[in-house]
Amino acid sequence: MSTSGAQAIVQTLIEQDVSVIFGYPGGAIMPTYDALYDVREQLRHILVRHEQGAAHAAEGYARASGRVGVVLATSGPGATNCITGLANALMDSTPLVCISGQVRSDQLGTEGFQEADVIGLSKAATKWNCQVTDPAAIPGVLRQAFAIARSGRPGPVLVDITRDAQLDCFEVAHADPPLPAPHPTDLAALPLAIELINNAERPLLLAGHGVHLSGASELLRQLAETAQIPVACTLLGTAALPTEHPLCVGMLGMHGHYGPNRLTNEADLLIAVGMRFDDRVTSRVDRYAPQAQVIHIEIEPRQLHKVIHAHAPLLGDARTVLEALLPAIEPRRHEAWLARFRDCAAEERRRVVDAELEPAEGFLKMGEVIDRLASLSGGEAVIVSDVGQHQMQAARYYRFRHPGSYHTSGGMGTMGFGLPAAVGASVAVAHRPVVAVVGDGGLQMTLQELGTIMQERLPVKIVVLNNHYLGMVRQWQELFFKGRYSCVDMQNPDFTVIASGYGIAARRVSERADLGSALREMLDSGGPFLLDVEVAAMDKVFPMVTPGTAVHEVRLE
C-alpha cells in the first residue's frame, strides 16, 4: 500500500494513541495539516496563537494527563518559537514530541525562505532530535521519538521533516514499533537503605517531581506512615502528599516552609525520591546537610552523586524502588522529631503566615487570595501557575488534596508558562476545575492564548495577582540592591476589557470584602473567567533562603 509522508505522520500519531495536538500551521508543514483534515474525528487539533504557547500547552497536557504532549509547527520561526517550551520540558522532565516542518531537502543549507537549522538550535533543548528527508523513514523515526520521550527520565524530542518527505509517497512495510527502553535499575544499595531507614532517629523524606511521574504518591504515603517520617516536597513535588496530611511539613527551597529548610541540617537521614538536589533546594552545597546520611532514589544515572553524595544510591523508577523498599520497613515513631516541625510551623505562622492570611488592613495579599481560593474550591482544583511571587504563594497556601494538582515551570522558571499550560491541562482533565494563577508580568508574555481559550470554549479560570510590578525582581532589588527599582514597575492594560474582547467573563476586585464573592462567581461560572485581583505592590514572599547562605539560614521577615 502506498501512502504519503504526511499521511504516515498522522497515522503514526494515531497508532501512538495521540488524541490531541497543539499547533500552528505554515508553509513547510502544510502537507501534514492537509492530512489532518481526513482524521479530524480521531485527532483533535488545538490552534494556539503562538508556537511557544503550543509547547507550553502540550506541557500542561502531558503533566495533567500523564501522556505524551504533541506539538506541530512550521519551519523557521515556527520551529524556533517552540524552543523555549522544549527547554522548559527538558528541565522539568515532561514528555513531548515536537514535529516541525522544514524546507525541501534540495533547499537545505541554501538559506531558503523560512529555513532555520532547527536541529542545531534545539540540540541542547531536547532529549533527542532528528531530521527526516525520506518519507519511508517517518513511521520508524516517530515511533522511536515517542519511545525516547517516555523512557527513563521523560523529556522532549523534536523531529524535523522536510516538505518533500511529507509530500512524497512510499510503499508501507509493516514494522513493529520499538519497545520502550527498560528503566535502568540498580538496587545494590537496597539493604543499606533499609537499615538506614529502620535505624534513623531524625529521618526526612524529600519528594520530587519523579513521585508524580512514576505514579508513586500512594507508595510514598505508605512509607511515610509506616516509619512516621515527615515529608517535604520540592516545588514540582508539591501535592505528592496532601497538604493537610499530618506528615506533610511543606515545601523545600528558597521560598519554602521554615520547618523543612531549618531542620534539614538536623536530620540524620535524607530520603530523596525523584528529585535532583537543584540549587533552589540546596543553596550552598558545601553547607547542605553535612551530618546526614543520604538515600537517593533517582531514575537518571547521571543525577546520582552529581550535586550531593548518596550513601545509598538507588537507581530506578520511584515506584519500582519504593515497591522493593516498603516490605522491609519497620513501624517506627519519631514523636520528638515531628514535634520540632510542629514548633517550626507555629513560629512560621506567628511571624509570616498570620500576616499573609489575616492582614489587619491595607491591600489584599497574594497569600490570602490563594488561601480563600483553596477554601472555596475545597482543594479540588488543578492549579497551574506562572513564575514569580504568585507561584510561590500558590505552592505555599493552596491546600492540595490530590497528586498531580500543581503544575508550574520549575527548573527553567519560564514566565509565560501559566496561561497556555492551563489550556493543555484543561483539555487533559475536563472533569476537574483548572485555575491559572498568574502575575501581571507573566500573563502579558502569552496573553494571546486567551484566543485559544475562546475558540476551544475551555472553562479555564484565570486569577491575575496584579501588583503592577515584576514582583520577584522588585523584591530582590529591595533586599539586595538597596531599593534601586530599575525597570520593574508595570503600567498595565485593563485585563478585564481585554478578556471581554475574547468573550471571556471578567471581574476586577481590590477590596477584601469583595474577594469571596468574586472567587465564588469565578468558580461557579460555566465557562472561562478572568479575575483581576489588585494586590499589595510592595508585598514580599517569606520565608526566604538568602542567596549565598545555607538552607537552614532562613529569613522569616
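The values are calculated or read from the model by the stated rules, or taken from the named source; none is laboratory data. Since we're looking at a predicted model, the values are computed, not measured. Note: ideal-geometry Cβ built from the backbone for every residue, glycine included; neighbour counts use all protein chains shown. Calculation scope for accessible area: heavy atoms of the full protein, side chains included, ligands and nucleic acids excluded. Shrake-Rupley method; radii C 1.70, N 1.55, O 1.52, S 1.80 Å.
Observations on the model:
- Charge dipole of the chain about the Cα centre (unit charges at C-beta), most positive-ward option of Thr243, Tyr469, Ala145: Thr243
- Nearest-0.05 FRET efficiency for Leu167 and Cys487, computed from C-beta distance (R0 45 Å): 0.40
- Per-residue extension of 0.36 nm, minus the Cα-Cα distance of Val285 and Asp34, leaves a gain of 85.0 nm for this segment.
- Summing Cβ point charges (Lys, Arg +1; Asp, Glu -1) relative to the Cα centre of the range 33-145 gives a dipole of roughly 440 debye.
- Fully extending the segment from Thr226 to Asp268, taken as 0.36 nm per residue of separation minus the present Cα-Cα distance, adds 13.3 nm.
- Cα long-axis angle, helix 190-199 against the chain (0 to 90 degrees, to the nearest 10): 30
- In order along the range 209-222, phi translates into HN-Hα couplings of 4, x, 5, 5, 4, 9, x, 9, 4, 5, 5, 4, 4, 4 Hz, rounded to whole numbers, per the Karplus curve 6.51 cos²θ - 1.76 cosθ + 1.60 with θ = phi - 60° and x for Gly and Pro.
- Dipole magnitude (debye, nearest 20) for the chain, charges at Cβ of Lys, Arg, Asp, Glu: 860
- The spacing between the range 378-417 and the range 34-94, judged by their C-alpha centroids, is 21 Å.
- Tilt relative to the chain, helix 138-150 - C-alpha long axis, 0 to 90 degrees, to 10: 0
- Highest-first packing order for the peptide set 52-64, 543-555 is 52-64, 543-555, based on the mean count of other beta carbon atoms within 10 Å.
- Lys/Arg +1, Asp/Glu -1 at C-beta; the range 455-557 dipole; positive extreme among Leu519, Val488, Tyr502: Val488
- Additional length obtainable on full extension of the chain from Asp354 to His245, 0.36 nm per residue less Cα span: 37.2 nm
- DSSP beta bridge pairing in the chain, given as percent antiparallel to the nearest 5: 10
- Peptides 395-408, 38-51, ordered by how many other C-beta atoms sit within 10 Å of their residues on average, highest first, read 395-408, 38-51.
- Dipole of the chain computed with +1 at Lys/Arg Cβ and -1 at Asp/Glu Cβ about the Cα centre; of Leu213, Met415, Thr549, farthest Cα towards the positive end is Thr549.
- Degrees between helix 51-65 axis and first principal axis of the chain (Cα, 0 to 90, nearest 10): 60
- Rough spin-label spacing in nm, given labels placed 7 Å along Cα→Cβ, for Ser2 and Glu218: 5.3
- Heavy-atom accessible surface of the chain: percent carbon and sulfur, 1.4 Å: 52
- Put simply, the amide H of Val551, placed in the peptide plane, has neighbours under 5 Å in Arg284, leaving out anything fewer than 5 places away on its chain.
- Space enclosed by the convex hull of the alpha-carbon atoms of the chain, per residue, Å³: 149
- Over the chain, dividing the summed -39,500 (n - 2.57) contributions of all DSSP H runs of at least 4 residues by the number of residues returns a 222 nm mean residue ellipticity of -10000 deg cm²/dmol.
- Pairs of lysine residues in the chain - Cα separation under 25 Å, sequence separation of 8 or more or cross-chain: 7
- The range 301-361 versus the range 438-483: alpha-carbon centroid distance in Å: 30
- The mean accessible area for residues of the chain, using a 1.4 Å probe and ignoring ligands and nucleic acids, is 38 Å² per residue.
- Put a plus charge on the Cβ of each Lys and Arg, a minus charge on the Cβ of each Asp and Glu, and nothing anywhere else: the dipole of the range 442-557 about its Cα centre is then about 180 debye.
- Working ranking of peptides 484-495, 90-101, 517-528 by packing, defined as the average number of other Cβ atoms within 10 Å per residue, highest first, is 90-101, 517-528, 484-495.
- Nitroxide proxy distance, nm - points 7 Å out along Cα→Cβ at Arg555 and Met454: 4.2
- At the listed q of 0.09, 0.16, 0.21, 0.22 Å⁻¹, the Debye profile of the range 284-390, built from one uniform point per Cα, gives log10 I(q)/I(0) equal to -0.48, -1.12, -1.10, -1.11.
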